[in-house]
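The structure appears right after this line, and notes come after that.
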Amino acid sequence: MNPLRKALLGGAVLASTLGGGALGAAFLNGTATAADSTTTTTAAATTAPAPTTGTAPTGGTHGGGGGPHQANGITETVLTGDAADKVTAAALEAVPGATVNRVETDADGDTYEAHLTKADGTVVTVKLDASYNVTKTVNGMG
């Protein structure tokens, strides 16, 4: 093969490689731009208030990690307002210095329950009757 023909063939290969690369990059950039311009609607996240430590808070929802579950055909519900305040106060009195993670109705036999984290990091559940009296304290998420 003569040197001129080699140079022309090499130039043609180089030009098609660069042209193909540029075309591919433009195509991918167009695809990425199209994907970026798509509008997605997401439901607003619901955030629970910060856990309570040491004293009973006033008003509002006393939520936190985890969440209500269903047992015995009953679905627990997070407490709000006066009931939440009373359950929180009774639970903190039973476990001083703890952090209240959430207060809710109880599906396992008691009326209310409060999930707390003790100062040492262990988790405890305080069970209460309808008059907000502590009936028992259970280690763990009981």
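When only the Cβ of Lys, Arg, Asp and Glu is charged (+1, +1, -1, -1), the dipole of the range 68-128 relative to its Cα centre reaches about 140 debye.
Counting other Cβ atoms within 10 Å as a rough exposure proxy, the listed residues ARG102, ARG5 run ARG5, ARG102 from fewest neighbours to most. Residues GLU104, GLU113, GLU76, GLU93, ranked from the fewest to the most other C-beta atoms within 10 Å, line up as GLU93, GLU76, GLU104, GLU113. Straight-line reach from LYS118: taking Cα to Cα under 16 Å and skipping same-chain neighbours fewer than 8 places apart, the lysines in range are LYS127, LYS136. Summarising the label geometry, the points placed 7 Å from Cα in the beta-carbon direction at ASN133 and LYS118 lie 2.5 nm from one another.
Values in this text are rule-based calculations from the coordinates and carry no lab data. The model shown is predicted, which means the values in this text are computed figures rather than measured ones. Glycine also receives a Cβ, built like all others from the backbone with ideal geometry; neighbour counts cover every protein chain displayed.
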